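As structure tokens, the structure follows; a few thoughts come after it.
The values are calculated or read from the model by the stated rules, or taken from the named source; none is laboratory data. All values reported here derive from a predicted model rather than from experimental measurement. Note that we place each Cβ from the backbone using ideal geometry, even for glycine, and neighbour counts take in every protein chain shown.
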Amino acid sequence: MTKAFGGILLFLLSWLASAETFSIGGRSLEIPPPKGFVVVTPAMDAMYRWIKQVNYPENELLAYYIPETEAPVAMRGDLVTTSRYCLLQVNRQAKSTTVSHRDFADIRRAIRSQYTEISASSKRKVKEPMEKAAENLSQEFGIDFSTRVSQDTPLAPHYETENIIASSSYTSYRDSIDGKIEERITSGTDAVINLEGKVLFLYCFGAAADLDWTRSASKVWTEMITAANADPLRDSPK
């Protein structure tokens, strides 16, 4: 690697890792990427085309993050196969709604008491889009690929503040790649955060052995996001 190319690469990584401003329901929010991750951009051709294949039924995908170490691969236009990645989403219908601290307390209470049902419902809603995305991927990249969720194991919420609640789960997949069947298990942590009255969903995924990492990465990320934004609802009635 030449010094010139190395300097350009470092500049690109710095730019990709900087906080991005999202306009959600008329409010501007600063969202830094998870620590050690960068956002996927149109310059990462294959990865950008790949994430566009998944259409979530209720949530809008705001950003998809990959490890900084994988950025050079993505910038060359290749697909990244790392098991660790993060997502930022917002509910399509609720993004224009302003949620008070009192409202979010009710949301946290519901998640604590109904996390098993909520997780099962969420997996049912993404099952068809995931399978459809696999079909689209096969056509887009000329591969024979399909996937389905075979089992989901939700875990009780493990982290909670006035504006955040996080829980984790294990998910088993059955993939078919060029006729070869592969079983895999992933771990993931879902954090729901009330940011200036806007509810966002943060996801950190990893391999089966990465549960502790998904939890710590999610916690650090929520703290970074909270620190980057004010809270104009602080003095509102609770």
* Which of the residues that make up region 65-74 are buried (at least 19 other Cβ atoms within 10 Å of the Cβ) and of a type in the set (A, V, I, L, M, F, W, C)? -> I66, A71, A74
* Please go through region 49-95 and pick out each residue that is aliphatic (A, V, I, L, M), in a helix (DSSP H, G or I) and touching a helix residue (DSSP H, G or I) at 6+ places or on another chain (Cβ under 8 Å). => A71, A74, M75
* **Top-ranked residue of region 84-114 - restricted to ones that are within 18 Å of the chain's Cα centre (by Cα) and at pLDDT 95 or above, ranked as surrounded by the most Cβ atoms within 10 Å (Cβ to Cβ)** => C86
* Asked: Do we have any residue at all in region 164-177 that's in contact with a strand residue (DSSP E or B) (Cβ under 8 Å, 6 or more places away or on another chain), modelled with pLDDT under 80 and farther than 23 Å from V90 by Cβ?
  -> yes
* Restricting attention to region 115-146, report how many residues are modelled with pLDDT of 80 or more, under 20 Å from P57 (Cα atoms) and touching a helix residue (DSSP H, G or I) at 6+ places or on another chain (Cβ under 8 Å). => 0
* **Cβ-Cβ under 6 Å pairs, at least 6 apart or on other chains, region 45-56 side farther than 8 Å from A74 by Cβ, far side part of a helix (DSSP H, G or I) and of a type in the set (A, V, I, L, M, F, W, C)** => Q53/A133; Q53/L137; V54/A133
* **Subset tally (residues that are crowded, with 19+ Cβ neighbours inside 10 Å and outside any strand (DSSP E or B)) for region 158-194** => 1
* Within region 115-126, is even one residue surrounded by fewer than 15 Cβ atoms within 10 Å (Cβ to Cβ), within 20 Å of K52 (Cα to Cα) and in contact (Cβ under 8 Å) with a residue 24 or more places away in the chain? -> yes
* To do: Please give the number of the condition G206 fails out of (1) out of contact with any Cys (no Cβ under 6 Å at 6 or more places or on another chain); (2) in a helix (DSSP H, G or I).
  => (2)
* To do: Identify the single condition in (1) modelled with pLDDT of 80 or more; (2) closer than 19 Å to E58 by Cβ; (3) loosely packed, with under 14 Cβ neighbours inside 10 Å that T153 does not satisfy, given that it satisfies every other one.
  => (2)
